[in-house]
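These notes are about the structure you will find just below.
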Amino acid sequence: MRADLISRAQAGDGDAFRALTEPHRRELHVHCYRMLGSFQDAEDALQDSLLSAWRGLGTFEGRASIRTWLYRIATNRCLSALRSATRRPAKEWDIPGIEPPEPTRLGEVAWLEPYPDELLEDATNLPLGPEARYEQTESISLAFVTALQLLPPRQLAVLVLRDVLGFHARETADMLDTTVDSVKSALKRARVGLQQRRSESPVPGSPAEDALVAKFVSAYESADIAALVDLLTDDVFMSMPPLPLEYQGRDVVGRFCSDLFGTGRRFDLVPTRANGQPAFGIYLHAPSGVRHGTGLLVLTVAGDRICAMIRFENSVFPSFGLPRSLPGPRDLG
């Protein structure tokens, strides 16, 4: 049946092509996301990859599986995107009436975007190659994806293909048009670079997570800074892509939150999940009663504390099915 689909697709049958490629669409999208760190860039890369596959199907000779062939196309499309140096630039602080504390440092990955858990369900429960080193839940966490973005493009591709997906060295070399020795060398350097950059990614869904998240929501919505800070680890990390500002440590993160709420600003949180982690749409109360979506907050939980908070712009809302605004209480009847 697979041979028949390939023959029909090579003859120009679009339905046959979709039948060949659709089972791999979601995992390819996650693959592009790991490489590019951006949901939208991954979508663009996937569409370009499928178009290239459609146009190039006549050259498919069956020496590798359709899945491996598609990974080859998608990986090289992502490498081209990484090398084009057209990534979105960092933004400047633009919240009126609030002056942020001096950042601990400036981040290097301004284009990072979150990935909705809803789209991960059929994309990460896959059989991996025998040489995979990372659990799928860990390899989609924000900490892991951020660390990947700091690797050189070729090293990034090799590490994802070998250590995340478990492709053999020969398969990886064929995908990248290089030698097995070159793959082994790039992988060795990538592992060192990743270890230097990566922070540990706690396993999601711990027994204490729901209770911790409930406490966080209560503290955040009531602007209880003391209660909020008490939920953070001593070395808690906070960032706000595409703003480059990064904060490390409970004191400075507490000051940031105090400044944010100190102007009388109040928020409601709408729960969702991103990258296997608890996340919330943040809605600011307006004088009219309407609550306007200002961003998406993703938490990283370590035991019974929060070790990271990453806030993204409201432009990511459509990917999570979140509305841009919520009606005021009096509008709900």
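Just one of (1) outside the structural domain of ASP181 (by TED's automatic domain parsing); (2) in contact with a Gly (Cβ under 9 Å, 6 or more places away or on another chain); (3) outside any helix (DSSP H, G or I); (4) surrounded by fewer than 16 Cβ atoms within 10 Å (Cβ to Cβ) trips up GLU99, so point out which.
Status for GLU99: all satisfied but (2).
Just to check your reading of the model, which residue among LEU5, LEU46, LEU57 is at pLDDT 95 or above and not assigned by TED's automatic domain parsing to the domain that holds LEU148?
Numbers: LEU5 fails: at pLDDT 95 or above; LEU57 fails: at pLDDT 95 or above.
Among LEU5, LEU46, LEU57, only LEU46 is at pLDDT 95 or above and not assigned by TED's automatic domain parsing to the domain that holds LEU148.
Residues to consider are SER315, SER325; find the one that is of a type in the set (Gly, Ala, Ser) and free of Cβ contacts under 8 Å to residues at least 40 places away in the same chain. If you could, list the steps in order and put the result at the bottom.
Numbers: SER325 fails: free of Cβ contacts under 8 Å to residues at least 40 places away in the same chain.
Matching residue, one of SER315, SER325: SER315.
Residues in the stretch 232-254 that are part of a helix (DSSP H, G or I) and crowded, with 19+ Cβ neighbours inside 10 Å: how many?
Restricting attention to the stretch 232-254, the residues satisfying the condition of being part of a helix (DSSP H, G or I) are 250-254.
Adding the requirement that they be crowded, with 19+ Cβ neighbours inside 10 Å leaves 253-254.
Residues that pass the stated criteria total 2.
Can you name the number of the only condition in (1) under 17 Å from the mean Cα position of the chain (by Cα); (2) at pLDDT 95 or above; (3) within 25 Å of ALA308 (Cβ to Cβ) that ALA143 fails?
(2)
Could you say which residue among HIS24, HIS29 is in contact with a Lys or Arg (Cβ under 7 Å, 6 or more places away or on another chain), more than 17 Å from LEU176 (Cα to Cα) and not aliphatic (A, V, I, L, M)? Talk me through it step by step, then tell me what you get.
Values: HIS29 fails: in contact with a Lys or Arg (Cβ under 7 Å, 6 or more places away or on another chain).
Only one candidate qualifies: HIS24.
So for the stretch 306-319 (the condition being more than 25 Å from the chain's Cα centre (by Cα) and among the charged types (D, E, K, R)), does at least one residue qualify? Walk me through it before giving the result.
To start, the set of residues in the stretch 306-319 that are more than 25 Å from the chain's Cα centre (by Cα) comprises none.
No - not one qualifying residue is present in the stretch 306-319.
Give the number of residues within the stretch 229-250 that are over 17 Å from THR294 (Cβ atoms) and either among the hydrophobic types (A, V, I, L, M, F, W, C) or touching a Ser or Thr at 6+ places or on another chain (Cβ under 6 Å) (or both). Break it down stepwise before answering.
At the first step, the residues of the stretch 229-250 found to be over 17 Å from THR294 (Cβ atoms) are 229-237, 244, 246-250.
Filter once more, keeping what is either among the hydrophobic types (A, V, I, L, M, F, W, C) or touching a Ser or Thr at 6+ places or on another chain (Cβ under 6 Å) (or both): 229, 231-232, 236-237, 246-248.
Going through the stretch 229-250 one residue at a time, the tally reaches 8.
Within 14 Å of the chain's Cα centre (by Cα), in a loop (DSSP other than H, G, I, E, B) and over 15 Å from VAL30 (Cβ atoms): is that true of ALA110 in this structure? If you could, list the steps in order and put the result at the bottom.
Values: within 14 Å of the chain's Cα centre (by Cα): yes; in a loop (DSSP other than H, G, I, E, B): yes; over 15 Å from VAL30 (Cβ atoms): yes.
Taking the combined requirement at face value, the residue satisfies it.
Return the residues of the stretch 151-167 that are of a type in the set (A, V, I, L, M) and in contact with an Asp or Glu (Cβ under 8 Å, 6 or more places away or on another chain); say none if nothing qualifies. Talk me through it step by step, then tell me what you get.
Our first condition is that a residue be of a type in the set (A, V, I, L, M); within the stretch 151-167, this holds for 151, 156-161, 164-165.
Passing the criteria: only LEU161.
Look through ALA157, ALA169 and report the one residue that is of a type outside the set (D, E, K, R), in contact with a Cys (Cβ under 8 Å, 6 or more places away or on another chain) and farther than 30 Å from THR233 by Cα. Show your work before the answer.
Details: ALA169 fails: in contact with a Cys (Cβ under 8 Å, 6 or more places away or on another chain).
It is ALA157.
Among the residues in the stretch 174-182, are any surrounded by 20 or more Cβ atoms within 10 Å (Cβ to Cβ), out of contact with any strand residue (DSSP E or B) (no Cβ under 6 Å at 6 or more places or on another chain) and at pLDDT 90 or above? Let's see the steps before the verdict.
So the first thing to find is which residues in the stretch 174-182 are surrounded by 20 or more Cβ atoms within 10 Å (Cβ to Cβ), and the list is 175.
Subset that is out of contact with any strand residue (DSSP E or B) (no Cβ under 6 Å at 6 or more places or on another chain): 175.
Next, only the ones that are at pLDDT 90 or above stay: 175.
Yes, the stretch 174-182 contains a residue that is surrounded by 20 or more Cβ atoms within 10 Å (Cβ to Cβ), out of contact with any strand residue (DSSP E or B) (no Cβ under 6 Å at 6 or more places or on another chain) and at pLDDT 90 or above.
Can you tell me which residue in the stretch 155-173 is surrounded by the most Cβ atoms within 10 Å (Cβ to Cβ), limited to those that are among the small types (Gly, Ala, Ser) and on the phi < 0 side of the Ramachandran plot?
Here is the first cut: in the stretch 155-173, the residues among the small types (Gly, Ala, Ser) are 157, 166, 169, 173.
Narrowing the set further to residues that are on the phi < 0 side of the Ramachandran plot leaves 157, 169, 173.
On the way: ALA157: 26, ALA169: 18, ALA173: 19.
Taking the candidates together, the pick is ALA157.
Can you go through GLY303, GLY262 and tell me which one is of a type in the set (Gly, Ala, Ser), farther than 25 Å from TRP93 by Cα and not assigned by TED's automatic domain parsing to the domain that holds GLU27?
Numbers: GLY262 fails: farther than 25 Å from TRP93 by Cα.
Exactly one residue qualifies, and that residue is GLY303.
One residue is enough: does the stretch 151-159 have a residue meeting the conditions outside the structural domain of ARG63 (by TED's automatic domain parsing) and assigned to a loop (DSSP other than H, G, I, E, B)?
Let us first name the residues in the stretch 151-159 that are outside the structural domain of ARG63 (by TED's automatic domain parsing), namely 151-159.
Now restrict to residues that are assigned to a loop (DSSP other than H, G, I, E, B): 151-152.
Among the residues of the stretch 151-159, at least one is outside the structural domain of ARG63 (by TED's automatic domain parsing) and assigned to a loop (DSSP other than H, G, I, E, B), which makes the answer yes.
Are any of the residues in the stretch 121-131 among the β-branched types (Val, Ile, Thr) and either out of contact with any Leu (no Cβ under 9 Å at 6 or more places or on another chain) or within 23 Å of ALA279 (Cα to Cα) (or both)?
Restricting attention to the stretch 121-131, the residues satisfying the condition of being among the β-branched types (Val, Ile, Thr) are 124.
Pick out the ones that are also either out of contact with any Leu (no Cβ under 9 Å at 6 or more places or on another chain) or within 23 Å of ALA279 (Cα to Cα) (or both) and you get 124.
Yes, the stretch 121-131 contains a residue that is among the β-branched types (Val, Ile, Thr) and either out of contact with any Leu (no Cβ under 9 Å at 6 or more places or on another chain) or within 23 Å of ALA279 (Cα to Cα) (or both).
The values are calculated or read from the model by the stated rules, or taken from the named source; none is laboratory data. As the structure is a computational prediction, the values presented were derived from the model and not from experiment. Cβ sites come from the backbone with ideal geometry, for glycine too, and all protein chains shown count toward neighbours.
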